[in-house]
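Enquirer: Let me give you the structure first, and then I'll get to my questions.
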Amino acid sequence: MSEARPLPASLATARAVAVPILPLRLRGVGLRLGGAVILDGVDLDLGAGGCTMVMGPNGAGKSQLLKLLHGLTAPSAGTIDWNGHAPQAVRARQALVFQKPVLLRRSVAANVDFVLRARGLDRSRVSALLDHVGLAHKAAQPARHLSGGEAQRLALARALATDPEILFLDEPTASLDPASVQAIERIVARAREGGTRVIFVTHDIGQARRLADDVVFLHRGRVAEHGPARDFFRQPRTEAARRFLDGQLVV
Ligand SMILES: Nc1ncnc2c1ncn2[C@@H]1O[C@H](COP(=O)(O)OP(=O)(O)OP(=O)(O)O)[C@@H](O)[C@H]1O
Ligand SMILES: [Mg+2]
């Protein structure tokens, strides 16, 4: 597996950063789905730069929170403010990678080319992007023949093709082998170093320790804790987070 290389500056797209979309500010955000309260009274402030790991037990509302931040769903209460912009208005400046990558039934290269073409970006960047995620040698293969880890790297290449200011990742390494996990983490770390703001959902405590600048711990649809990663891992303030870090069932 080839080492993730930073995209050459000449191949990176010029970001349309007339007005930055950070900080992000949530106040009293609630989400109801089918009569159930999924998120409740979420206040959150995220500044520019770094990697925020979103953690919490199954059903805590992590995936739904990412969807709200990315403007795929609207909150039932409260406000989500990307430095004065509504989530829908800045979605094109962000990218979201799901746990199960959504790929086109085309070749690996065509999957990246599609994104570039759709956005009117430089299509000659396909090979640099595939090289960046270690998939240059698979360019002509059908994407559906990729392994789970390879497919996830292709999903990342598609996400990075738009040079997003915000990269949302929802458990992108669940069920991958250790080498694939490492490859994905390297690519994410490079994106972060390149100035992309990363918001990453994981259940993998080791991964969170490796990548996090700060941790948001969600529990029952609320932000139970948000703070610097070292404080969270050394001394979680809530019983739920303590149990979570101990590997105990948290309900
Ligand atoms: N369309 C829906 N209608 C009703 N409830 C829903 C809907 N979608 C999600 N939920 C519920 O919202 C809650 C939060 O879901 P979410 O997917 O955000 O959890 P999560 O923290 O990402 O969990 P996991 O770690 O299992 O991925 C869950 O209890 C889920 O069952
Ligand atoms: Mg989820």
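Enquirer: Name the one entry in Ala128, Ala60 that is away from ligand 2 (no atom under 16 Å from the Cβ) and of a type in the set (Gly, Ala, Ser).
Expert: Sole residue among the options that is away from ligand 2 (no atom under 16 Å from the Cβ) and of a type in the set (Gly, Ala, Ser): Ala128.
Enquirer: Got a sec? Which of Ala189, Ala208 is modelled with pLDDT of 95 or more and more than 16 Å from ligand 2 (Cβ to nearest atom)?
Expert: Only one candidate passes the filter, namely Ala189.
Enquirer: In segment 57-72, which residue that is outside any helix (DSSP H, G or I) and touching a strand residue (DSSP E or B) at 6+ places or on another chain (Cβ under 6 Å) is surrounded by the most Cβ atoms within 10 Å (Cβ to Cβ)?
Expert: Checking each candidate, the answer is Ala60.
Enquirer: Out of Leu65, Leu33, which single residue is modelled with pLDDT of 95 or more and either over 19 Å from Val97 (Cβ atoms) or away from ligand 1 (no atom under 13 Å from the Cβ) (or both)?
Expert: When all the criteria are applied, what remains is Leu33.
Enquirer: Suppose we filter segment 214-245 for residues that are in contact (Cβ under 8 Å) with a residue 40 or more places away in the chain, outside any helix (DSSP H, G or I) and open to solvent by less than 30 Å² (accessible area, probe 1.4 Å); how many remain?
Expert: Final tally of qualifying residues: 6.
Enquirer: Now, a different point. Just for segment 166-186: of the residues that are within 12 Å of His70 (Cβ to Cβ) and more than 13 Å from ligand 1 (Cβ to nearest atom), which one is surrounded by the most Cβ atoms within 10 Å (Cβ to Cβ)?
Expert: Leu167
Enquirer: Val37: open to solvent by less than 60 Å² (accessible area, probe 1.4 Å), hydrophobic (A, V, I, L, M, F, W, C) and closer than 25 Å to Val251 by Cβ, yes or no?
Expert: Answer is no for this residue.
The values are calculated or read from the model by the stated rules, or taken from the named source; none is laboratory data. The model shown is predicted, which means the values in this text are computed figures rather than measured ones. Here Cβ is always computed from backbone atoms with ideal geometry, including for glycine, and neighbour counts include all displayed protein chains. Note: areas computed on protein heavy atoms with side chains; ligands, DNA, RNA excluded. Shrake-Rupley method; radii C 1.70, N 1.55, O 1.52, S 1.80 Å.
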